[in-house]
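Trainee: Input: one structure, supplied below.
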Amino acid sequence: MGFSEADVYYVARLARLAVSREEVARLVGDLNRVLDYVAKLQSLPTETVAPTFHGVERASAMREDVPEPSLQPAAVVAEAPAARDGMFVVPRILEDDTGREGGEG
Amino acid sequence: MEILDLGARALAEAVQSGALSATAVLEAYWAHIQATEPQVRAFLHLDVERARARALAIDQAPSHLRRTWPLAGVPVAVKDNIVTEGMPTTAGSRILEGWRSPYTATVVARLEAAGAVVLGKTNLDEFAMGSSTEYSAYHPTVNPWDPKRVPGGSSGGSAAAVAAGMAAVALGSDTGGSIRQPAAYCGVVGLKPTYGRVSRYGLIAFASSLDQIGPIARSVEDAALALGVLAGLDPKDATSVPEPVPDYVAAIDELPSAVRIGVPEEYFGEGIDPAVREVVSAALRRMEAQGATLVPIPMPHTAYAIAAYYLIAPAEASSNLARYDGIRFGFRAGAPDLVRLYEETRARGFGVEVKRRILLGTHVLSAGYYDAYYLQAQRVRTLIRGDFERAFQVVDVVATPTTPDLPFPLGSRSEDPLRMYLSDVFTVTANLAGLPAVSVPAGFVDGLPVGLQLIGPAFSEAELLRTARLVERVAPRMRWPWQQGREGAEAR
């Protein structure tokens with residue numbers, strides 16, 4: 001199973017993870033070793049085997065639809081890297097033709 | 001009797017009756033922590049003032065209330081991937097450095113409601129991904145039995161804290177062995193309960209179909225006491241189950257008379273250190289002499305477990321860790337646009353092992369690979385479950401070594417991810433099948449502890465712990481690291 005540098009860049013992009021050239025060189029080797037190892041699963045015949053998605057299969061839990069107090073917005077944004085007026089501050093994601101500076105979301 | 005030598009149950013009874021104050025217990029622990037922690041480095045955060053306030057509140061509570069608290073005054077440590085309001089929670093990662101949760105995990109709230117005194121947060125491999133605690137972004141923890149060796153992981157801080165006498169009980173989390181493997185390496189008892197037995201509300205998610213919280217303690221009795229406090233339905237965790245919670249301490253009062261123990265040859269064969277195998281086999285022979293029946297059983301899919309695990313766990317991790325994007329909590333890297341903010345925040349916030357697993361998980365879930373990898377792994381998971389279902393038709397419990405080896409030297413595996421993954425070869429099956437499993441000290445090789453693992457049917461914790469007590473009964477007597485060189489002291 002060949003996993004190339006281009007594959008690492010592609011997957012890193014999907015995962016929103018910047019990777020340096022040095023990291024990619026190492027990751028190619030590490031990931032190929034793991035992928036070679038897990039390839040042993042392909043030899044098991046499983047056409048008739050149903051997948052297990054949870055260790056203990058249970059019906060979905062239901063509860064009464066009763067409102068309860070939740071976390072206060074001030075407490076939630078207090079730990080954000082940037083917040084203002086009880087909201088998270090993020091870089092501008094839409095172009096603005098008024099020419100105002102970005103930085104509010 | 002020294003306070004440090006008392007187990008959790010004995011401590012709680014002394015505080016309940018007023019024979020000891022919670023404050024006296026805490027101060028004895030605090031003095032010991034100050035002398036020991038600089039060498040062991042089990043903690044990422046200690047908060048003695050918070051603990052003193054808690055201990056004082058326990059001492060000032062009406063005695064009729066204090067008598068009802070099963071963990072009255074018991075000093076506990078919490079793995080730092082379990083959130084605590086008022087204390088930092090880092091998950092061992094730079095991306096959460098300095099972050100404080102606005103809420104407390106159900107397990108911590110339950111411990112405190114039972115009278116426990118939380119000392120602080122313990123070290124772990126970043127986001128619980130590792131088997132040595134060397135992947136912590138902050139510092140490694142050492143094994144209290146040999147400071148040149150790892151304590152195991154990922155709950156290495158919790159296991160080391162208990163083994164070094166710095167906490168009577170600690171919480172760990174176990175996704176592929178992260179409670180049991182460090183418990184084995186540190187010579188303590190570590191229990192991974194059945195999937196759904198203990199609430200995960202407030203556990204930082206790693207692989208949600210596998211993760212479970214459980215206790216690490218000095219004895220089976222203390223683990224049983226802690227499990228009784230932790231277990232039960234939590235409306236805040238939809239995967240917790242309404243199964244009744246038995247009195248685990250009462251359940252282990254009697255040793256099992258005629259337990260049938262399944263011994264799978266796949267767990268005793270190739271790749272295991274012969275000295276480890278001999279300690280575990282000797283313990284099993286002594287259990288047989290006490291009335292247990294050893295039954296050879298086949299577990300033919302064991303050899304595929306690590307491969308299935310290292311597809312499923314990274315796939316789920318890649319999804320769970322998407323939330324660390326620099327917007328709502330923790331670290332944010334400066335960047336001119338949103339996508340680069342995400343990419344740089346994650347590049348600088350995550351360590352190398354977490355990156356490996358995110359990329360592996362993203363790859364196996366990506367278009368064109370899902371069926372071959374993730375779905376195939378979930379089908380193999382069914383086969384592994386089937387191995388256990390067949391075994392439990394003829395035996396009550398399955399016994400294996402917890403690990404194939406002894407605690408390894410610091411630095412010897414951290415550059416070789418696949419070799420590190422293979423440390424989990426005997427523990428991942430219980431997670432894949434959702435079953436309860438416990439590691440119990442079975443003996444020593446050259447002063448290093450060896451763990452025996454027992455795996456039982458779903459929700460059989462009471463029976464599992466009863467058999468675990470038999471292991472404890474037949475294991476050689478030991479002295480804890482802090483008792484070495486002291487005359488007349490004995491761990492149990």
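Trainee: Have a look at B:ARG323, B:ARG379 and point out the one that is of a type outside the set (A, V, I, L, M, F, W, C) and either more than 24 Å from B:GLU97 (Cβ to Cβ) or touching an Asp or Glu at 6+ places or on another chain (Cβ under 9 Å) (or both).
Mentor: On inspection, the qualifying residue turns out to be B:ARG379.
Trainee: Return the residues of region B:305-329 that are under 23 Å from A:GLU79 (Cβ atoms) and either out of contact with any Gly (no Cβ under 7 Å at 6 or more places or on another chain) or of a type in the set (D, E, K, R) (or both); say none if nothing qualifies.
Mentor: B:SER319, B:ASN320, B:LEU321, B:ALA322, B:ARG323, B:ASP325, B:GLY326, B:ILE327, B:ARG328, B:PHE329
Trainee: Give the residues of region B:379-394 that are in a helix (DSSP H, G or I) and either of a type in the set (Asp, Glu) or more than 8 Å from every other protein chain (Cβ to nearest Cβ) (or both), sorted by residue number.
Mentor: Residues satisfying the conditions are B:ILE384, B:GLY386, B:ASP387, B:PHE388, B:GLU389, B:ARG390, B:ALA391.
Trainee: So which pairs qualify, if the first residue must be in region B:318-339 and at the interface with chain A (Cβ under 9 Å from one of its Cβ atoms), the second must be acidic (Asp, Glu) and assigned to a loop (DSSP other than H, G, I, E, B), the Cβ gap must be under 9 Å, and the two must be at least 6 apart or on different chains?
Mentor: Sorted first by the residue in region B:318-339, then by its partner, the pairs are B:ARG328/A:GLU79; B:PHE329/A:GLU79; B:GLY330/A:GLU79; B:GLY330/B:GLU97; B:PHE331/B:GLU97; B:ARG332/B:ASP325.
Trainee: Which residues, taken from region A:1-20, are at pLDDT 95 or above and either in a helix (DSSP H, G or I) or among the aromatic types (Phe, Trp, Tyr) (or both)?
Mentor: Hits for region A:1-20 are A:GLU5, A:ALA6, A:ASP7, A:VAL8, A:TYR9, A:TYR10, A:VAL11, A:ALA12, A:ARG13, A:LEU14.
Trainee: Based on what the data block shows, is B:ILE272 within 20 Å of B:LEU454 (Cβ to Cβ) and either facing another protein chain (nearest Cβ under 9 Å) or of a type in the set (A, V, I, L, M) (or both)?
Mentor: Criteria met by B:ILE272.
Trainee: Just one of (1) in contact (Cβ under 8 Å) with a residue 12 or more places away in the chain; (2) more than 7 Å from chain A (Cβ to nearest Cβ); (3) among the charged types (D, E, K, R) trips up B:ARG346, so point out which.
Mentor: (2)
Trainee: Let me ask another. So how many residues does region A:1-23 have that are over 15 Å from B:LEU321 (Cβ atoms) and among the basic types (Lys, Arg)?
Mentor: 2
Trainee: For region B:143-158, give me each residue that is within 11 Å of B:ASP125 (Cβ to Cβ) and of a type in the set (A, V, I, L, M, F, W, C).
Mentor: Result: B:VAL150, single match.
Trainee: I'm told B:VAL74 meets every condition in (1) within 18 Å of B:LEU111 (Cβ to Cβ); (2) surrounded by 21 or more Cβ atoms within 10 Å (Cβ to Cβ); (3) free of Cβ contacts under 8 Å to residues at least 60 places away in the same chain except one. Can you identify the failing condition by its number?
Mentor: Just one mismatch for B:VAL74, condition (3).
Trainee: Could you check B:TYR185 against (1) more than 13 Å from every other protein chain (Cβ to nearest Cβ); (2) within 24 Å of B:ARG110 (Cβ to Cβ) and say which number it fails?
Mentor: (2)
Trainee: For region B:439-450, indicate whether the set of residues that are in contact with a helix residue (DSSP H, G or I) (Cβ under 9 Å, 6 or more places away or on another chain), surrounded by fewer than 23 Cβ atoms within 10 Å (Cβ to Cβ) and modelled with pLDDT under 95 is non-empty.
Mentor: no
Trainee: Mind listing whichever residues of region A:43-78 are within 7 Å of chain B (Cβ to nearest Cβ), surrounded by fewer than 16 Cβ atoms within 10 Å (Cβ to Cβ) and part of a helix (DSSP H, G or I)?
Mentor: Scanning region A:43-78 gives a single hit, A:ALA75.
For (1) at pLDDT 95 or above; (2) among the basic types (Lys, Arg); (3) over 23 Å from the mean Cα position of the chain (by Cα), each residue gets a yes or a no:
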residue: B:MET299; (1), (2), (3): yes, no, yes
residue: B:ALA305; (1), (2), (3): yes, no, no
residue: B:TYR309; (1), (2), (3): yes, no, no
residue: B:ILE312; (1), (2), (3): yes, no, no
residue: B:SER318; (1), (2), (3): yes, no, no
residue: B:ALA322; (1), (2), (3): yes, no, yes
residue: B:ARG332; (1), (2), (3): yes, yes, yes
residue: B:LEU338; (1), (2), (3): no, no, yes
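Listed here are the residues, each with its yes/no results for (1) closer than 30 Å to B:LEU111 by Cβ; (2) surrounded by 14 or more Cβ atoms within 10 Å (Cβ to Cβ); (3) touching a Leu at 6+ places or on another chain (Cβ under 6 Å); (4) of a type in the set (Ser, Thr, Tyr).
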position: B:LEU233; (1), (2), (3), (4): yes, yes, no, no
position: B:SER240; (1), (2), (3), (4): yes, yes, yes, yes
position: B:PRO246; (1), (2), (3), (4): yes, yes, no, no
position: B:VAL276; (1), (2), (3), (4): no, yes, no, no
position: B:SER281; (1), (2), (3), (4): no, yes, no, yes
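Trainee: From the list B:THR90, B:THR68, pick out the single residue that is hydroxyl-bearing (Ser, Thr, Tyr) and over 18 Å from B:LEU230 (Cβ atoms).
Mentor: B:THR90
Trainee: Look at region B:1-43 and say how many of its residues are farther than 13 Å from B:VAL117 by Cβ, out of contact with any Ser or Thr (no Cβ under 9 Å at 6 or more places or on another chain) and of a type in the set (Phe, Trp, Tyr).
Mentor: Summing the residues that are farther than 13 Å from B:VAL117 by Cβ, out of contact with any Ser or Thr (no Cβ under 9 Å at 6 or more places or on another chain) and of a type in the set (Phe, Trp, Tyr) in region B:1-43 gives 0.
Trainee: Same structure, new question: Just the residues that are part of a loop (DSSP other than H, G, I, E, B) and within 14 Å of chain A (Cβ to nearest Cβ), please, taken from region B:439-468.
Mentor: The answer is B:GLY456, B:PRO457, B:ALA458, B:PHE459, B:SER460.
Trainee: Kindly evaluate B:LEU119 against the criterion of being in a loop (DSSP other than H, G, I, E, B) and touching a strand residue (DSSP E or B) at 6+ places or on another chain (Cβ under 6 Å).
Mentor: In short, no.
Trainee: If you don't mind, another one. Output the residue which, of all residues in region B:411-438 that are polar (S, T, N, Q) and away from chain A (no Cβ under 13 Å), is surrounded by the fewest Cβ atoms within 10 Å (Cβ to Cβ).
Mentor: B:SER412
Trainee: Looking at region B:469-486, which of its residues are touching a Gly at 6+ places or on another chain (Cβ under 8 Å) and either assigned to a helix (DSSP H, G or I) or over 17 Å from B:ALA217 (Cα atoms) (or both)?
Mentor: Listed by number, the residues that qualify are B:PRO476, B:PRO481, B:TRP482.
Trainee: Could you grab me the full set of residues in region B:107-151 that are over 30 Å from B:ARG419 (Cβ atoms) and of a type in the set (A, V, I, L, M, F, W, C)?
Mentor: Listed by number, the residues that qualify are B:VAL107, B:VAL108, B:ALA109, B:LEU111, B:ALA113, B:ALA114, B:ALA116, B:VAL117, B:VAL118, B:LEU119.
Trainee: Just for region B:96-152: of the residues that are surrounded by fewer than 24 Cβ atoms within 10 Å (Cβ to Cβ) and within 14 Å of chain A (Cβ to nearest Cβ), which one is nearest to the chain's Cα centre (by Cα)?
Mentor: The selected residue is B:THR104.
Trainee: Let me ask another. Which members of region B:172-196 meet the condition of being among the hydroxyl-bearing types (Ser, Thr, Tyr) and out of contact with any Ser or Thr (no Cβ under 6 Å at 6 or more places or on another chain)?
Mentor: B:SER173, B:THR175, B:TYR185, B:THR194, B:TYR195
Trainee: Residues that are closer than 30 Å to A:GLU68 by Cα: list the helices (runs of 4 or more DSSP H) wholly contained in region B:175-280 that include at least 1 such residues.
Mentor: Output list reads B:220-230.
Trainee: If you don't mind, another one. Between B:ARG41, B:ARG66, B:ARG52, which is surrounded by fewer than 18 Cβ atoms within 10 Å (Cβ to Cβ) and among the basic types (Lys, Arg)?
Mentor: B:ARG52
The values are calculated or read from the model by the stated rules, or taken from the named source; none is laboratory data. Quick caveat, the model's predicted, so the values are computed rather than measured. Here Cβ is always computed from backbone atoms with ideal geometry, including for glycine, and neighbour counts include all displayed protein chains.
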